[in-house]
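**Student:** Right, I'll just put the structure down here and ask away after.
The values are calculated or read from the model by the stated rules, or taken from the named source; none is laboratory data. Model, not experiment: these values are computed from the prediction. Here the Cβ positions follow ideal geometry from the backbone for every residue, glycine too, while neighbour counts run over all protein chains shown. We work out accessible area using only protein heavy atoms, side chains counted, and drop any ligands, DNA or RNA first. Shrake-Rupley method; radii C 1.70, N 1.55, O 1.52, S 1.80 Å.
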Amino acid sequence: MTSLQRYFRNIYDTVKSTAIGMRITLKYCFQKTVVVQYPEQRLALAPTYRGIHEFEAEKCIACDLCAKACPVDCIYIDKTGPRKIDKATGTVNSTDPKNGQLVRFAIDYSKCLFCALCTEPCPTECIHMGKLHDLSGYSREDVVVEFAELDKQNLRTPLPLWMERNAGRIGWVKEESDRVKSGKLATRAADIPPVK
């Protein structure tokens, strides 16, 4: 092949590949767009979606297994002493002076991978992967969720700012906000089942 033939062959290949690309582009250019008007319309999430954790402080024995399993060390636990579960109720008896107090249970979501490795080793199954996905804030401190403080407000997961502001205006947001405020857990399909 001579240099002149190679030159025209390169021009032909260029025009051909450009035409193929433009055909694909034009095919999608005139189709109806598929856009979800979030938050007015709810996003369809998979049942195994892993969102912001839900934490049952009354079940936590502060064993630190979740913090040890975390690959990025984003779980912080402080306690005053060992905590024991009451077999009759399935919760920690906080009035028993022998039981320690859970001073701090926090997760730094600027580090969290949402891998669910913290849910597997928990012997009391007190930490779960939730369904909330938007934890917007105004500072880096806003992404560190203090679950022990949330428990004092009878919450198992944080209530995002956008959800608080739009609960009166959007139906599904009100339902989700009411679920969070009532302390009802989301589905646990995203948790890694404990090894028996």
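**Student:** Among the residues that make up the range 113-133, is at least one of them buried (at least 16 other Cβ atoms within 10 Å of the Cβ), at pLDDT 85 or above, over 19 Å from R50 (Cα atoms) and among the polar types (S, T, N, Q)?
**Tutor:** There is at least one residue in the range 113-133 that is buried (at least 16 other Cβ atoms within 10 Å of the Cβ), at pLDDT 85 or above, over 19 Å from R50 (Cα atoms) and among the polar types (S, T, N, Q).
**Student:** Right, another one. Being open to solvent by 40 Å² or more (accessible area, probe 1.4 Å) and in contact with a strand residue (DSSP E or B) (Cβ under 6 Å, 6 or more places away or on another chain) is the filter here; which residues of the range 69-79 pass it?
**Tutor:** Scanning the range 69-79 gives Y76, D78, K79.
**Student:** Could you list, in sequence order, the residues of the range 99-110 that are closer than 30 Å to D142 by Cα and touching a Pro at 6+ places or on another chain (Cβ under 9 Å)?
**Tutor:** G100
**Student:** Scan the range 88-98 and give yes if some residue there is open to solvent by 70 Å² or more (accessible area, probe 1.4 Å), aliphatic (A, V, I, L, M) and over 27 Å from G137 (Cα atoms), otherwise no.
**Tutor:** Yes, because at least one residue in the range 88-98 is open to solvent by 70 Å² or more (accessible area, probe 1.4 Å), aliphatic (A, V, I, L, M) and over 27 Å from G137 (Cα atoms).
**Student:** Quick one: which residue in V35, V15 is part of a loop (DSSP other than H, G, I, E, B), out of contact with any His (no Cβ under 9 Å at 6 or more places or on another chain), among the hydrophobic types (A, V, I, L, M, F, W, C) and surrounded by fewer than 17 Cβ atoms within 10 Å (Cβ to Cβ)?
**Tutor:** Only one candidate passes the filter, namely V35.
**Student:** Return the residues of the range 168-193 that are without any contact (Cβ under 8 Å) to a residue 24 or more places away in the chain and either surrounded by 13 or more Cβ atoms within 10 Å (Cβ to Cβ) or more than 22 Å from D151 (Cα to Cα) (or both); say none if nothing qualifies.
**Tutor:** The answer is G168, R169, G171, K174, S177, R179.
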